[in-house]
Each structure stands twice: as C-alpha cells, then as structure tokens.
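Remarks on the structure that follows.
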Amino acid sequence: MLAAGMLGACSMMEDDQSDCPTGLYVSFKYDYNLQRADMFKDHVGSVTVYVFDEQGRFVTKQTEENKYGEEPLKKYGYQMNIKNLPDGKYQLMAFAQQKPYADTSAEGANFVVSEPKKGDGMEALHARLDRTTLRSDGPTAMVDNKGVSLDTLWNGFNTHFVEVCSARPSYDTISLVRDTKMLTVTLRHLDADKQADISTDDFEVFIVDNNGWINHDNSLREDEDLLYTPFRLWETDFKNENGEVVQRAAHFGLMFSRLMYYAEAEKNALLVIRNKESQEEVAVINLSDCLAQGRNAVDYMRYSQQEFLDREYNYSLDFFLQGNHWKYVDLRISILSWSKRIQNVEL
C-alpha cells in the first residue's frame, strides 16, 4: 500500500519527481539451461537491448556492460532503465556476451552484431560469425579462432509487446538463450601397444556446419559451410608406480555456434577425426544426433532434441580407438556425472 501510495504521489507531484520511477525497466534472465537456474548475473557481462515499435521498425538501443571496478550486471535484480520512449507499444530483443562487445574484437573469431538504423525492420538485426575464406572442395570458410575460445553469445527475443506510458513506469523481462557451445574431444587407444603413444599431433579434429549467422529471433540465416578447428590442444599422461607413461589421452577443445537438429541426417553438423599421416578418417559423426542423445540424462523433462541442444552448452566425447577406427565413444554433459556409451554404429 505504501509503495502504491508513493507511485500515486509521483504522478501528482509537479515540483520534484527525481526519485520517481520513469520509463521502461527491463529485467533479464538466463534460465534456459539444464540446471533451470537463472545464471544471468554470473555469466553475462554485456547486454544490448534493441527496441522496435508496433510496426516492427527499429527505434533505439541501449547497452550495459561490466567494467573493471563497476559490474552492474552482477547485481541481483538488475534492471536496465530505458527512458524517453514515446507512448506506445514496443517489442524488445537482445544480444548479450560475456564481456564488453568492444573487447571481443581484440582477438580470435567473434560474432559481429549488425547495427540497424532508425526505421529498419527486424531483419536488419543479426549476428554473423567471423570467418576466413577457403579455397578447397570442402567448407568454403574457416572460423579462425587464433587459439582463443569464442566469446559466449546469447540471444533474447520477446514475441509480446510492452506498453510504455509516460504517466507510469513500464516493466518487461527478456529471457536469453545461449548460442555458443563447447565440446571437448578426447582420443584414447585400446590397443595395448599404442596406449602410451597417442598425440594431438597425430590427428585432425574439426566440425563442419552452416550455423554462423544468427537472426534477431535466434533462427539461423542461410549460410556457407564453416570449418571449426580446436582452439586448444593438450595431453594427459597416466603413469605407473615407476613413473612410466602407460596411457595417454589427447584432448581437443572446440567452440562453435548454435547447433540445430534436423531429421535429415545430411543437414546436421559433422564431427570429423582424421589421421594426419594416412589421411584416413577415424570417425565421421552426425554431431547433432550424437549430442542430442544426452537428453536421456533428463528424460523426465521430455525435452525435444532441439530444446536439449539449446539448453546444454558443455559436452565431452571420449573416443576409444582400435586400430584406425573408433570402437565406442562416451558422451558426457555438464550436469552431475552422467555419461552414455555409444557403440560404433551409424549415427
């Protein structure tokens, strides 16, 4: 009652309204994950809201970023206050990242967000991943990460309108979906004479997909085939009591854009593992289908393949090799210690 009285007083006071809420207040949440927990304040470091009018024309944008010594997005219950909007109905969209947008262009490959001009339609807002043109019979471009992981990208798109009135404050919430994914590929030998000899230098590991262009509504724009290569390679040695290496694991860390699931297998992303010396393909995996099997970990939620791929963002695939081919792979995801063994059958 007291709060209502104060708001009422604000609408009637004419001499000093400096403490009265005005304009549009936008809240954010990122709970579209397997944990179903709001991780916005812990994960997001920069967010830009794009405002479109009732006719779908761009009006304005506003950005908030965490900086050294000042981190507003980490505050519980943070709201972005957008002022000076004329009375009317508006539709809100957002792109968010882990760090200030200007910092993402300093190194590696990044998503370049378009800058719609006043009056532009919604299609003018999109994010396109940096790429380098290739001259080959395979993918037409490569995502050159320069040894640096992609900065995480989130998208938010409200299908409803929020009404703004100068006589009172307005409130709305944007829910974010994470579009950048992490995959760790680990290779191990089952053959006794090769278990200690495996090396990251022996293999090429890469992903091919046409998913580097994201629309305002988080759909994918038609794109060329992109080649994703590891941004990090490392090895783990397992030693006996005499300090001798008895087994070694080779690890490849990859990051890539939003993964789509299609019933037509040929449309899905491919994970390829190739022996460098022989150029023989050790594994060619339907990546979307393989990773989507992780939804069995939360089968009580009845997620579709696509919803699972959009909610999860951290995967591990451990390949166990026999001869020049994989015999089985263990799929692990970020929640708890769930894993699933997949035998070498056509995925």
- [ ] Name the residue, out of 73, 92, that is in contact (Cβ under 8 Å) with a residue 12 or more places away in the chain, outside any strand (DSSP E or B) and surrounded by 17 or more Cβ atoms within 10 Å (Cβ to Cβ).
- [x] 73
- [ ] Could you give me the residue pairs with C-beta distances under 8 Å whose first residue belongs to segment 35-50 and is aliphatic (A, V, I, L, M), whose second residue is open to solvent by 10 Å² or more (accessible area, probe 1.4 Å) and assigned to a loop (DSSP other than H, G, I, E, B) wherever it lies, and which are 6+ apart or on separate chains?
- [x] 37/31; 39/31; 44/98
TODO: Show the residue pairs that are 6+ apart or on different chains and have beta-carbon atoms under 8 Å apart, the first residue being within segment 181-201 and in contact (Cβ under 8 Å) with a residue 12 or more places away in the chain, the second being open to solvent by 50 Å² or more (accessible area, probe 1.4 Å) and of a type in the set (Phe, Trp, Tyr).
DONE: 200/234
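Residue 59 - would you say it is modelled with pLDDT of 95 or more, open to solvent by less than 80 Å² (accessible area, probe 1.4 Å) and either in contact with a Pro (Cβ under 9 Å, 6 or more places away or on another chain) or of a type in the set (Gly, Ala, Ser) (or both)? Before you say what the answer is, go through the steps one by one.
Numbers: modelled with pLDDT of 95 or more: yes; open to solvent by less than 80 Å² (accessible area, probe 1.4 Å): yes; either in contact with a Pro (Cβ under 9 Å, 6 or more places away or on another chain) or of a type in the set (Gly, Ala, Ser) (or both): yes.
Yes: the conditions hold for residue 59.
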Task: Residues of segment 106-140 classified as over 28 Å from residue 271 (Cβ atoms), in a loop (DSSP other than H, G, I, E, B) and open to solvent by 60 Å² or more (accessible area, probe 1.4 Å), total - done: 4
- [ ] Considering each residue of segment 193-244, count those that are among the hydrophobic types (A, V, I, L, M, F, W, C), open to solvent by 30 Å² or more (accessible area, probe 1.4 Å) and farther than 27 Å from residue 288 by Cα, and give that number.
- [x] 1
Task: Residue ID - farthest from residue 247 (Cα to Cα), chosen from residues in segment 306-338 that are assigned to a loop (DSSP other than H, G, I, E, B) and open to solvent by 20 Å² or more (accessible area, probe 1.4 Å) - done: 313
Open item on the list: Looking only at segment 142-164, how many residues end up being modelled with pLDDT of 95 or more, hydrophobic (A, V, I, L, M, F, W, C) and open to solvent by less than 40 Å² (accessible area, probe 1.4 Å)?
Closed with: 5
Task: Options 166, 219, 170; residue that is under 30 Å from residue 24 (Cβ atoms) and free of Cβ contacts under 8 Å to residues at least 40 places away in the same chain - done: 219
Open item on the list: Could you tell me how many of the residues in segment 245-289 are open to solvent by 10 Å² or more (accessible area, probe 1.4 Å), under 19 Å from residue 328 (Cβ atoms) and not in a strand (DSSP E or B)?
Closed with: 2
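Select, from 83, 67, the only residue that is exposed (fewer than 15 other Cβ atoms within 10 Å of the Cβ), more than 24 Å from residue 167 (Cβ to Cβ) and in contact (Cβ under 8 Å) with a residue 24 or more places away in the chain.
Values: 83 fails: more than 24 Å from residue 167 (Cβ to Cβ).
Going through 83, 67 in turn, just one is exposed (fewer than 15 other Cβ atoms within 10 Å of the Cβ), more than 24 Å from residue 167 (Cβ to Cβ) and in contact (Cβ under 8 Å) with a residue 24 or more places away in the chain: 67.
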TODO: Exactly one condition in (1) modelled with pLDDT under 95; (2) in contact with a His (Cβ under 7 Å, 6 or more places away or on another chain) is not met by residue 93; state its number.
DONE: (1)
TODO: Return a yes/no flag: does segment 30-39 have any residue that is of a type in the set (A, V, I, L, M), under 30 Å from residue 300 (Cβ atoms) and buried (at least 20 other Cβ atoms within 10 Å of the Cβ).
DONE: yes
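The values are calculated or read from the model by the stated rules, or taken from the named source; none is laboratory data. Since we're looking at a predicted model, the values are computed, not measured. All Cβ positions, even for glycine, are placed from backbone atoms using ideal geometry, and neighbour counts span all protein chains on display. These accessible areas exclude ligands, DNA and RNA; they are computed on the full protein's heavy atoms, side chains included. Shrake-Rupley method; radii C 1.70, N 1.55, O 1.52, S 1.80 Å.
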